[in-house]
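> Pasting a structure here, questions to come.
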Amino acid sequence: MKKIGILERVLIGFGLGIIAGAILGPEAAALRFFGTIFIRLLSMLVVPLVVSTLAVGVAGISGVKLGRVFGKTLFFYYVTCIFALIIGLTLANATGVGRGMELGQLRDVAQVTAPPFSEVLTNIVPTNIVDAMAKTTMLQIIFFTLMFGVAMGLAGRTAEPVRAVLGGVADIMYRVVGMVMWYAPIGVFALIAWTVGNHGLAVLRPFALLIAIVYIGCIVHVFVVHALFVAYFCRVNPLKFLVRVKDAPIFAFTTASSSATLPVTLRVVKQVGVSDGIAGFVLPIGATVNMDGTALYQTVAAVFIANAFGIQLTIGQQLTIAVTAVLASIGAAGVPGAGLIMLMTVLTSVGLPLEGTALIAGVDRILDMARTAVNVVDDITAAAMVATTEGERLSPDLYRSSGPGVAA
Ligand code: ASP
């Protein structure tokens with residue numbers, strides 16, 4: 001009951017934010033700090049929440065099962081991503097988005113080189129875990145916590161007190177999330193007012209097709225691809241499922257941050273019946289490396305930029321864009337605007353002008369909101385699919401064939 005009240009208030013904040021933004025225009029920027037406080041409140045929970053839930057989650061999954069769960073997690077993360085890439089490239093090519101902007105080929109294209117693979121890999125290993133936590137370097141934190149959790153499981157009884165403490169920390173953090181949710185309507189109001197005020201209609205118009213395509217692509221990905229996957233693997237009614245988890249994409253949409261939304265994502269996934277162990281394992285990793293929405297956006301953005309500069313992309317180049325978009329989405333942090341920065345890697349891979357990112361930057365927040373919502377739904381569906389294939393039952397009322405407890 002309490003939870004529904006909060007969501008309703010968030011939606012009211014959302015609606016009032018649109019109105020305030022439309023009335024105030026750029027003046028709405030003065031409200032932004034209320035939204036920044038909200039994002040900071042959520043962000044401050046991320047490190048303790050990830051460490052406690054992931055460590056306890058991993059320790060609870062024993063040896064062979066851990067490898068299997070990890071394999072499934074990666075499988076569900078990236079098999080859906082292939083569909084995101086196909087949707088992005090198909091929509092972008094079919095509509096010729098960006099054509100007619102006639103920006104011509106810019107000279108002096110600045111060269112940004114992607115860091116070598118060896119460096120990317122090396123940087124996953126922290127030299128100092130306290131430093132990684134202080135800087136919220138998520139991949140390093142996850143790497144350490146995975147090892148810590150496995151070792152905690154192996155240590156057995158001697159590690160019990162630590163496990164109990166971490167379990168307690170996770171519980172406490174969930175309650176703090178509940179407190180932060182009371183502030184959510186104000187934060188959402190401010191963020192939406194700022195976004196609407198900052199992006200008047202005039203700014204959006206030349207980019208209307210780009211925005212429409214990214215949004216349509218995101219909607220198709222969630223309501224067709226994710227829905228079919230959930231229906232097939234979990235045997236639940238996908239619409240009921242998506243409605244039940246809607247708080248998380250709504251928060252992702254307003255904050256444009258998968259990491260900041262993680263506390264909410266963990267909550268909704270438990271509400272659909274995924275166990276703490278699977279949720280604690282799949283979601284913190286997903287918030288960092290699983291970003292279908294970002295990959296979809298990057299393929300559309302790359303084709304948009306090519307068309308805007310009058311560059312014809314070959315099929316081979318489009319494939320390169322798709323592959324780099326997956327890697328770039330893995331590398332992107334779950335924070336606002338990360339996908340735009342990583343877009344440079346995608347553009348570099350096929351020699352597209354990096355100035356293209358500046359072209360998009362003005363409307364990136366609008367695109368970021370949609371792609372982040374998809375990123376979060378992607379994590380949620382992956383958690384549900386891993387849980388079901390591990391023999392867990394989701395909430396009985398989600399199943400299509402009525403009757404609680406009907407075997408899948
Ligand atoms: N904002 C996105 C996220 O947090 C990342 C991106 O910029 O694409 O999931």
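The values are calculated or read from the model by the stated rules, or taken from the named source; none is laboratory data. This one's a predicted model, so the numbers in the text were calculated from it and none came from an experiment. In this analysis, Cβ positions are derived from the backbone assuming ideal geometry, glycine residues included, and neighbour counts consider all displayed protein chains. Side chains are part of the model used for accessible areas, which takes the heavy atoms of the whole protein and leaves out ligands, DNA and RNA. Shrake-Rupley method; radii C 1.70, N 1.55, O 1.52, S 1.80 Å.
> With runs of 4+ DSSP H residues as the only contributors, calculate the mean residue ellipticity of the chain at 222 nm using -39,500 (n - 2.57) per run, divided by the residue total and rounded to the nearest 500. The partial results should precede the final answer.
Working: 19 runs with 302 residues, N = 408.
Computed ellipticity for the chain at 222 nm equals -24500 deg cm²/dmol.
> Also, I was wondering about something else. For A155 and I37, compute 0.36 nm times the residue count separating them, minus their Cα-Cα distance, and round to one decimal in nm. Before the final figure, lay out each step's value.
Working: separation 118, 0.36 × 118 = 42.48 nm, distance 4.03 nm.
Length gained, A155 through I37: 38.5 nm.
> Still on this structure, I have one more. Under 17 Å from the 7 Å Cα→Cβ point of I82, by amide nitrogen: which residues of segment 309-335?
319-327
> Using 0.36 nm per residue of separation minus the Cα-Cα distance, give me the extension gain between V120 and I341 in nm, one decimal.
Values: separation 221, 0.36 × 221 = 79.56 nm, distance 1.59 nm.
Fully extending the segment from V120 to I341 adds 78.0 nm.
> Viscosity 1.567 mPa s, temperature 4 °C: give me the Stokes-Einstein translational D for the chain in µm²/s, with Rh taken as the Kirkwood radius over C-alpha pairs. List each step's numbers first, then the result.
Values: Rh = 21.9 Å.
Reported coefficient: 59 µm²/s.
> How do E355, E27, E160 rank by accessible surface area computed with a 1.4 Å probe, from largest to smallest? List each step's numbers first, then the result.
Values: E355 60, E27 135, E160 85 Å².
Reading off the accessible areas and sorting them downward yields E27, E160, E355.
> Which FRET efficiency value, to the nearest 0.05, do you get for L7 and Y232 by plugging their Cβ-Cβ distance into 1/(1 + (r/R0)^6) with R0 = 45 Å?
Values: r = 28 Å, r/R0 = 0.63.
E between L7 and Y232, to the nearest 0.05, is 0.95.
> Additional query: Quick one: among A155, A322, A256, which has the greatest mean-square fluctuation in a GNM of the chain with alpha-carbon springs under 10 angstrom?
Evaluated over the chain, the most mobile residue of the options is A155.
> Quick check: at a probe of 1.4 Å, how many percent of the accessible area of the chain sits on carbon and sulfur atoms? Don't skip to the answer; put the middle values down first.
Numbers: 12280 of 17520 Å².
The value for the chain is 70 percent carbon and sulfur by accessible area.
> Hey, another quick one. Can you list, largest first and rounded to whole Å, the semi-axes you get for segment 299-348 by taking the square root of 5 times each eigenvalue of its Cα gyration tensor? Show your work: numbers first, answer last.
Working: eigenvalues 81, 30, 8 Å².
After diagonalising the Cα gyration tensor, the semi-axes are 20, 12, 6 Å.
> Over all directions, how big on average is the projection of the convex hull of the alpha-carbon atoms in segment 244-341, in square nanometres? If you can, show how the numbers build up before the last one.
Values: hull surface 28.1 nm².
If I average the Cα hull's projected area over directions, I get 7.0 nm².
> Determine the per residue accessible area of segment 269-338 with all protein chains present and a 1.4 angstrom probe, expressed in square angstrom.
Numbers: 1790 Å² over 70 residues.
Accessible area per residue, segment 269-338: 26 Å².
> DSSP H helices in the chain with Cα extent of 20 Å or more along the helix axis and mean Kyte-Doolittle hydropathy at least -1.0? If you can, show how the numbers build up before the last one.
Numbers: long enough: 2-24 (32 Å, 1.52); 32-60 (41 Å, 1.80); 63-95 (49 Å, 1.25); 138-155 (25 Å, 2.07); 160-198 (52 Å, 1.09); 292-308 (24 Å, 0.88); 315-331 (24 Å, 1.46); 364-389 (37 Å, 0.57).
For the chain, where a helix must reach 20 Å along its axis and average at least -1.0, the hits are 2-24, 32-60, 63-95, 138-155, 160-198, 292-308, 315-331, 364-389.
> Follow-up question, since we're still on this one. Before anything else, pin down the relative contact order of segment 224-308: Cα pairs under 8 Å, at least 6 apart, normalised by residue count, whole percent. Display every interim value, and only then the final one.
Numbers: 43 pairs, mean separation 17.0, N = 85.
It rounds to 20 percent for segment 224-308.
> Would you mind calculating the gained length between A358 and K135 on full extension (0.36 nm times residue separation, minus the Cα-Cα distance), in nm to one decimal?
Working: separation 223, 0.36 × 223 = 80.28 nm, distance 2.69 nm.
That pair, A358 and K135, stretches by 77.6 nm at full extension.
> Here is a follow-up. Using alpha-carbon pairs under 8 Å, 6+ residues apart, how would you state the relative contact order of the chain in percent?
Values: 636 pairs, mean separation 121.3, N = 408.
RCO, the chain: 30 percent.
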